[in-house]
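Please read the structure below before turning to the comments.
Here, each number is a calculation from the coordinates, and none is a lab measurement. Keep in mind that this is a model prediction, so the values were computed, not measured. So basically every Cβ, Gly included, is an ideal-geometry build from the backbone, and we count neighbours across all protein chains shown.
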Amino acid sequence: MNPQFDVIVFGATSFVGQILAQYLSDTFNNDESQETLNWAIAGRS
């Protein structure tokens, strides 16, 4: 099985979810990052 995403942040609209999404973005989605991470966010509307 080959999952589409490595991490899915559920509850991304919450306070902690927003902090985690920002951390993942800053850490893994930049030109200096040595590692790649496919991640997604999900939240309620």
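Below 8 Å between Cα atoms, with a sequence gap of 6+, how large is the relative contact order for the chain in percent?
Here the relative contact order equals 55 percent.
Taking the Cβ of residue 24 as the centre, find all other residues whose Cβ is under 12 Å away and add up their charges (Lys, Arg: +1; Asp, Glu: -1). Value of the local net charge: -3. Per-residue 3J(HN,Hα) values for the stretch 28-33, derived from phi via the Karplus relation 6.51 cos²θ - 1.76 cosθ + 1.60 with θ = phi - 60°, read 10, 10, 9, 6, 8, 5 Hz in sequence order (x marks Gly and Pro). 3J(HN,Hα) couplings calculated from phi for the stretch 2-18 with the Karplus curve 6.51 cos²θ - 1.76 cosθ + 1.60 (θ = phi - 60°) are, in sequence order, 10, x, 6, 10, 7, 9, 10, 8, 8, x, 5, 8, 7, 4, 5, x, 5 Hz; Gly and Pro show x. By its C-alpha gyration tensor, with a ≥ b ≥ c as the square roots of the eigenvalues, how is the chain shaped: rounded for a/c under 1.5, else prolate for a/b larger than b/c, else oblate? Verdict is oblate for the chain. Here's how it looks for residue 41: its modeled amide H is under 5 Å from those of 9, which are all 5 or more places away or on a different chain.
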